[in-house]
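*Asks:* I'd like to ask some things about the structure below.
None of the figures in this text is laboratory data; all of them are computed from the coordinates on show. From a predicted model like this one, the values you see are computed outputs, not experimental measurements. Cβ: placed from backbone, ideal geometry, glycine included. Neighbour counts: every protein chain shown.
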Amino acid sequence: MVKPRPYNFSAGPAAIPEEVLQQAADEMLDWHGSGMSVMEMSHRGPQFESIIAQAEADLRELLQIPDDYAVLFMQGGAIAENAIIPLNLSRGAKADYVVTGSWSQKSQLEARKYCDVHLSASAHDDQGYGSIPDNAAWSIRPDAQYLHVCTNETIDGVEFHFVPDSHGVPLVADMSSHLLSRRIDVSRYACIYGGAQKNIGPAGLTLVIIRRDLLGHALPHCPSAFDYAVVAANHSMFNTPPTYAIYIAGLVLQWIKRQRFEGLSGLAAVESRNIAKAHLLYDALDASELYETRVARDCRSRMNVPFHLRDTALNAAFLQGAEGAGLLQLKGHKSVGGMRASIYNAMPLEGVRALVDYLKDFEKRHG
Ligand SMILES: *Cc1c(COP(=O)(O)O)cnc(C)c1O
């Protein structure tokens, strides 16, 4: 009997479905009879061409991406996009930002290097982040080139459960940590981007989904490899793309297509399972005397669940006991403290059940 793998609650790089890891292992030395590992293939050869084309087709199918959107496979992560977005979309003029957590805060600071940034809304108070300001009260400049939001704040656990009204200003969203966790209406956004290492695959791959009419306005000093129009015209092959990361992401996309839950399939099944997982965990936290969550109910993240032990002296014992129970990487981000359970697509319902059992057991012993 092979020992079961522990449940991994890392915020990112995060767990990848075990089936995908197994398939990658099986194909490591010889991909589909090619005699090569995917890592060893020319990105311009027919084998890799088929891998990237399939990945793009599957992504388009899962998110129902309209034809007038380009899909770009880039590098640099969402932090590089914090510069790449204004370099491509700001025209050196005005861009508006909504700050609902640590990541959108970073985004607006970086954008200041390239354009005139205005904060349309900010949710920071003496408790930190944990809410979304009422959309109706955002001050959006009508002549802003775009409005930027982060629709799932990975560190703070704040998720948008609605598409913001941007009053006709193109809406740009950092979806790094919840892209493909739920169905979305791509047509409501001008540009969606995210690093893969939270919910889609390994670090090294950044996905950008952008409406084609926004291409072609990069600032003159924008690096060519980061100019969306150049990347799109070269089908993400202007420079060597992160081939192995794209291959693994492709396997994850096929895994999503195979998922079934409560009569649903594909992304709808994944979304419904994610809702069930989040309910299970938040209900357990709400019912407890020992743990607390600080994020407003209407914007609790389904993916990243920060929580605190009321008695912080118990933190070390909690984490040590969790590891002993096969529950890994539950320590919260240093800026927030406490704990954080990231329950991305690859976390099975049983993993959340195991965490809930541990929460209850620990409270019984220490509450
Ligand atoms: C992880 C994360 C980032 C940073 O990603 P990098 O790959 O380190 O650049 C940015 N935004 C969000 C929402 C994230 O979750």
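*Asks:* When Lys and Arg each count +1 and Asp and Glu each count -1, what net charge do the other residues less than 12 Å away from residue 130, Cβ to Cβ, add up to?
*Replies:* -4
*Asks:* About its Cα centre, what dipole magnitude does the chain give when the only charges are +1 on Lys and Arg Cβ and -1 on Asp and Glu Cβ, stated in debye to the nearest 20? Mind dumping the intermediate values first?
*Replies:* On the way: 33 positive and 41 negative charges, 58 e Å.
With Lys and Arg at +1 and Asp and Glu at -1, about 280 debye.
*Asks:* Quick query: amide H of residue 331 versus all other amide H atoms, modeled in the peptide plane; which residues come in under 5 Å with a sequence gap of 5 or more or a different chain?
*Replies:* It is 340, by chain and number.
*Asks:* Between the DSSP loop rule and a limit of at most 14 other Cβ atoms within 10 Å, which GluC sites (Glu not before Pro) in the stretch 238-324 are left? Each step should come with its number before you reach the end.
*Replies:* On the way: sites: 262, 271, 289, 292, 323; in loops: 262, 289.
Answer in residue order: 262, 289.
*Asks:* So, one more: Which distance in nm do the two modelled labels at residue 25 and residue 109 give, with both placed 7 Å along the Cα-to-Cβ direction?
*Replies:* Modelled inter-label distance: 4.1 nm.
*Asks:* Here is a follow-up. Counting only DSSP beta bridges with both residues in the chain, tell me the antiparallel percent, nearest 5.
*Replies:* On the way: 24 of 41 bridges.
Here the share of antiparallel DSSP bridges comes out near 60 percent.
*Asks:* Right, another one. Taking R0 as 51 Å, what FRET efficiency do you get between residue 53 and residue 311 from their Cβ-Cβ distance, rounded to the nearest 0.05?
*Replies:* Details: r = 54 Å, r/R0 = 1.06.
It comes to 0.40.
*Asks:* Starting from a Cα-only point model with no solvent, please compute log10 I(q)/I(0) by Debye for the stretch 261-366 at q = 0.14, 0.15, 0.20 1/Å.
*Replies:* -0.53, -0.61, -1.05
*Asks:* What residues from the stretch 353-367 fall in the zone where the backbone N is under 15 Å from a label point 7 Å along the Cα-to-C-beta line of residue 320?
*Replies:* Label zone hits: 366.
*Asks:* Sticking with this one: Please label the shape of the stretch 148-251 as rounded, prolate or oblate, based on the square roots a ≥ b ≥ c of the eigenvalues of the alpha-carbon gyration tensor (a/c under 1.5 means rounded; beyond that, a/b larger than b/c means prolate, else oblate). Can you show the working numbers first?
*Replies:* Values: a/c = 2.02, a/b = 1.14, b/c = 1.77.
Taking the square roots of the gyration eigenvalues as a ≥ b ≥ c, the stretch 148-251 is oblate.
*Asks:* On the Cα set of the stretch 22-256, report Rg and Dmax in Å, please.
*Replies:* Looking at the stretch 22-256, its Cα Rg and Dmax stand at 18.1, 59 Å.
*Asks:* Using label points projected 7 Å from each Cα along Cα→Cβ, tell me how many nm separate residue 162 and residue 275, to one decimal.
*Replies:* Going from the residue 162 label point to the residue 275 one covers 1.8 nm.
*Asks:* DSSP loop trypsin sites (Lys or Arg not before Pro) in the stretch 284-319 with at most 15 other Cβ atoms within 10 Å of their Cβ, which ones? Walk me through the numbers before you get to the answer.
*Replies:* On the way: sites: 294, 297, 300, 302, 310; in loops: 294, 302, 310.
Those that pass, being in a loop and sparsely packed, are 310.
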